[in-house]
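S.K.: The structure follows.
FYI, it's all coordinate maths here, none of it is from the lab. Given the structure is predicted, the values throughout are model-derived calculations rather than measurements. Every residue, glycine as well, gets a Cβ built from its backbone with ideal geometry; the counts of neighbours run over all protein chains shown.
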Amino acid sequence: MAGLSRTLGIFGGFVAVVGAALYPIYFRPLLLPDEYKKEQSINRAGIVQEDIQPPGLKVWSDPFGRK
């Protein structure tokens, strides 16, 4: 039984580390979309999309919008 609890502890620790790493990258923007939309508008102010976008690539879209 000690081997099983050790294995579960190691696996649980790995899952916790992956979850802690994914929270600020993936889950927090999904939970607070208004904050990230505001931040995105500030960061993209003054950028002309046509000057940056390489030809033939898909145009930027709102990552928080519906697909």
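S.K.: Which three lengths, in whole Å and largest first, does the chain cover when its Cα atoms are put on their principal axes?
M.R.: 62, 28, 21
S.K.: Could you give the size of the charge dipole of the chain about its Cα centre, using +1 on the Cβ of each K and R and -1 on the Cβ of each D and E, expressed in debye and rounded to the nearest 20?
M.R.: Dipole about the Cα centre, nearest 20: 280 debye.
S.K.: HN-Hα J couplings of the range 13-18 from phi, Karplus 6.51/-1.76/1.60, θ = phi - 60°, integer Hz, Gly and Pro as x?
M.R.: Coupling constants for the range 13-18: x, 5, 4, 5, 5, 5 Hz.
S.K.: Can you run phi through the Karplus equation (6.51, -1.76, 1.60; θ = phi - 60°) for the range 42-52 and list ³J(HN,Hα) in whole Hz, with x for Gly and Pro?
M.R.: Here the 3J(HN,Hα) series is 5, 5, 9, 5, x, 9, 8, 4, 5, 6, 9 Hz.
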